[in-house]
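Everything on this sheet refers to the single structure shown next.
What follows is calculated from the coordinates using simple rules that are stated; it is not laboratory data. Keep in mind that what you see is a predicted model, and the values were worked out from it rather than measured. Glycine gets a Cβ as well: all are built from the backbone with ideal geometry, and neighbour counts include every protein chain shown.
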Amino acid sequence: MVDINDFFSSRNTVTNISDNDRKQTANYLETIKAFSRTTYKSIYVIDYQKKGFEFVSENPLFLCGHTSEEVKQMGYLFYFKYVIPEDVELLLKINTIGFDFYEKIPVNERKYHSISYDFHLKNQEGKVFLINQKLTPLFLTDDKKIWKAICLISLSNEQSSGNIRISKQGENKIFRYDLEGNFWKTEEKVELSKREQEILRYSVRGFTINEMAESMCVSPDTVKFHRRKLFEKLEVANISEAIVYATNNKLI
């Protein structure tokens, strides 16, 4: 039977926090709270020593009808209640392979890696929706285990759960996990042309194709051509999906 401890790898068990560890965290939650007020994404902070949530933002996407304080008190019981059963198993697998990967990272680079994946939440009304979660370490202990991590949640632009990716700050590559073959593979990050970036930025501002063409001093057909190439590159069906993908992956 699955229980909360299954979400916490024995390889990252945090038992004692040193005085040096605690010095890292002076008033840090005030910064997180301020950030949460400026973003549409849901945010929470995991404490691996306490095996629960230290902070949950008031953004409604992740709350499934609860208050942020209620979700904070529920901790990982929240996942058992609102993540669909097959994706609970997926999250446990991600926990295992994620820490396997983390242990192979040089100690001085561990803080700069982030993991991203998608899973389904089912709210109190029974509506199922796919979300993307990005997790990155906030504080490491003296022995370089993750003490606290921050998670950002937004609606996913993918069609199914999984899509497990690890990236390192400043590097133009990602590590993608193949769930069928059970192995990591390296891929280059998507790079957008200047025209593709322009189209995304104008689209965010609500410009029509004709308005984009006028602003970019090109024909509407040229805008349509670059927009098609953008959709192919991002593997999306429309501009709304392209904007979500580009925003979630920091392409604009």
Under 5 Å between amide H atoms, partner at least 5 residues away or on a different chain: which partners does residue 84 have, H built in plane at 1.01 Å?
120, 122
Radius of gyration and Dmax over the Cα atoms of the chain, both given in Å
19.9, 64
Treating only the Cβ atoms of Lys and Arg (+1) and Asp and Glu (-1) as charged, compute the dipole magnitude of the chain about its Cα centre; round to the nearest 20 debye.
540
Fully extended, how many nm does the chain gain between residue 225 and residue 89 (0.36 nm per residue separation, minus their Cα-Cα distance)?
44.8 nm
Calculate one ³J(HN,Hα) per residue across region 34-50 by plugging θ = phi - 60° into the Karplus curve 6.51 cos²θ - 1.76 cosθ + 1.60, and present them in order as whole Hz with x for glycine and proline.
5, 4, 5, 7, 10, 10, 7, 7, 7, 10, 9, 10, 9, 10, 6, 6, 8
With everything on Cα atoms, drop me the angle between helix 194-204 and the longest principal axis of the chain, reported from 0 to 90° to the nearest 10.
80
Check the straight Cα-Cα distances from residue 224 and name the lysines below 16 Å, setting aside those fewer than 8 residues away within the same chain.
194, 233
Length added when fully stretched, residue 28-residue 15, from 0.36 nm per residue minus Cα-Cα:
2.6 nm
Residue-wise, which Karplus ³J(HN,Hα) couplings in Hz belong to region 90-97, taking 6.51 cos²θ - 1.76 cosθ + 1.60, θ = phi - 60°, and x for glycine or proline?
4, 4, 5, 5, 4, 4, 5, 5
Search the structure for amide H atoms under 5 Å from the amide H of residue 155, placed 1.01 Å from N in the peptide plane, and list their residues when 5 or more places away or on another chain.
132
If I stretch the segment between residue 210 and residue 172 completely, what's the gain in nm (0.36 nm per residue apart, minus their alpha carbon distance), one decimal?
10.3 nm
Give the aspartates and glutamates reachable from residue 148 as a straight Cα distance under 19 Å; neighbours fewer than 8 places away on the same chain don't count.
6, 19, 21, 30, 47, 54, 69, 100, 103, 109
